[in-house]
Amino acid sequence: MAPSGPGSVRRRCRRVLYWIPVVFISLLLGWSYYAYAIQLCIVSMENIGEQVVCLIAYHLLFAMFVWSYWKTIFTLPMNPSKEFHLSYAEKELLEREPRGEAHQEVLRRAAKDLPIYTRTMSGAIRYCDRCQLIKPDRCHHCSVCDKCILKMDHHCPWVNNCVGFSNYKFFLLFLAYSLLYCLFIAATDLQYFIKFWTNGLPDTQAKFHIMFLFFAAAMFSVSLSSLFGYHCWLVSKNKSTLEAFRSPVFRHGTDKNGFSLGFGKNMRQVFGDEKRYWLLPIFSSLGDGCSFPTCLVNQDPEQPSTPAGLNSSSKNPENHQFPAKPLRESQSHLLTDSQSWTENSTSLGKGKAGMSNPALTMENET
Ligand SMILES: [Zn+2]
Ligand SMILES: [Zn+2]
């Protein structure tokens, strides 16, 4: 896999092209700054009070928008930790074994002590041939980044990065602040936009900036509000975009709400325990990205007999169709002691950026 020859040149060219959407957004942002702060506020506004209030509020939103956008782009996606990688002996064994039951047996043995509760559609251990590792729950291989990404949500061309465990909070804040930015511009630009059509503006170049600014802000407000609304729904249900398209398969079967712990806990899993960090693009998500608490651990012959644990039915009434069973010790610990999540939540992996249709970037599991 050494990067040499025409293949690697093509890959490098592609990587440069992937930055085009980010450059486009940055140029648009730069122009919107010039159009709003200079042409609208300084050149066109006559009321000094309105000018000051608009400029202060605008700069605040602008700073939050740029900060969260920056963090979404440049936060490296997290990859599975070492314990999920196969040992050299296990890899050798896998190469010798033909596909099928013997192959699965090797993986089952390797996954014995890992906190894994999801399976492929056919009930097999989720294994990535490309990265040669056992995939943690909610982890998927991104074909653009060519890496397994923890709690992968989707590969986003607008930030030229994978949105996953490490930057999902930043992505949500980016959507929220960009929406507020557009709504604020549209609301304060509206009266000047009306003046444009009633010939109430002086005949300078500022009037065209004012007109285009309103169109752009209104258009982006519509598309951003639907995307932001969708992601708010995903957070409330504790689903990733990929899981909304294809429900996770647990050992006892498919369950679209398998990771949901209720609205409050679902929010805390993404935003963290400390409310003062919720609105800032500072990492505060709970957990390590490799294991996730689920209220739905069914009786499983592979599980050792469970110690006194939590009763799942009291935690999640939505999933009444599954009989309530005690959780495995490590999981009940995750569910009850959220303090421990934060202790090992800082390790960052490496990743590469790329771009493609988000729906097509997850590799198929068989
Ligand atoms: Zn992979
Ligand atoms: Zn990716």
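Amide H to amide H distances under 5 Å link Asn161 with Cys156, Gly354, where only residues 5 or more positions off or on other chains count and H is placed in the peptide plane. For Gly272, the residues whose amide H sits under 5 Å from its own are Leu286, ignoring neighbours fewer than 5 places away on the same chain, with H placed 1.01 Å from N. By accessible area, using a 1.4 Å probe on protein heavy atoms only, segment 190-239 has 73% of its surface on carbon and sulfur.
For segment 104-116, putting each phi into the Karplus relation 6.51 cos²θ - 1.76 cosθ + 1.60 with θ = phi - 60° gives couplings of 5, 4, 4, 5, 4, 5, 5, 8, 3, 9, 8, x, 10 Hz, in residue order, rounded to whole numbers and with x for Gly and Pro. When peptides 67-78, 12-23 are ranked by their average number of other Cβ atoms within 10 Å per residue, the highest-first order is 67-78, 12-23.
Proximity of backbone amide H atoms, modeled 1.01 Å from N, is registered between Ile149 and His140, His141, Cys142 at under 5 Å, excluding neighbours fewer than 5 places apart on the same chain. Looking at segment 40-199, the accessible area is 44 square angstrom per residue; that uses a 1.4 Å probe and ignores ligands, DNA and RNA.
With an 8 Å Cα cut-off and a minimum separation of 6 or more residues, compute the relative contact order for segment 192-287 in percent. Relative contact order comes out at 16 percent. Considering only protein heavy atoms and a 1.4 Å probe, what is the carbon-and-sulfur percentage of the accessible area of segment 41-150? That fraction is 59 percent.
The values are calculated or read from the model by the stated rules, or taken from the named source; none is laboratory data. Please read all numbers here as calculations on a predicted model, not as lab measurements. As a convention, Cβ positions derive from the backbone with ideal geometry for all residues, glycine included, and neighbour counts pool all protein chains shown. Side chains are part of the model used for accessible areas, which takes the heavy atoms of the whole protein and leaves out ligands, DNA and RNA. Shrake-Rupley method; radii C 1.70, N 1.55, O 1.52, S 1.80 Å.
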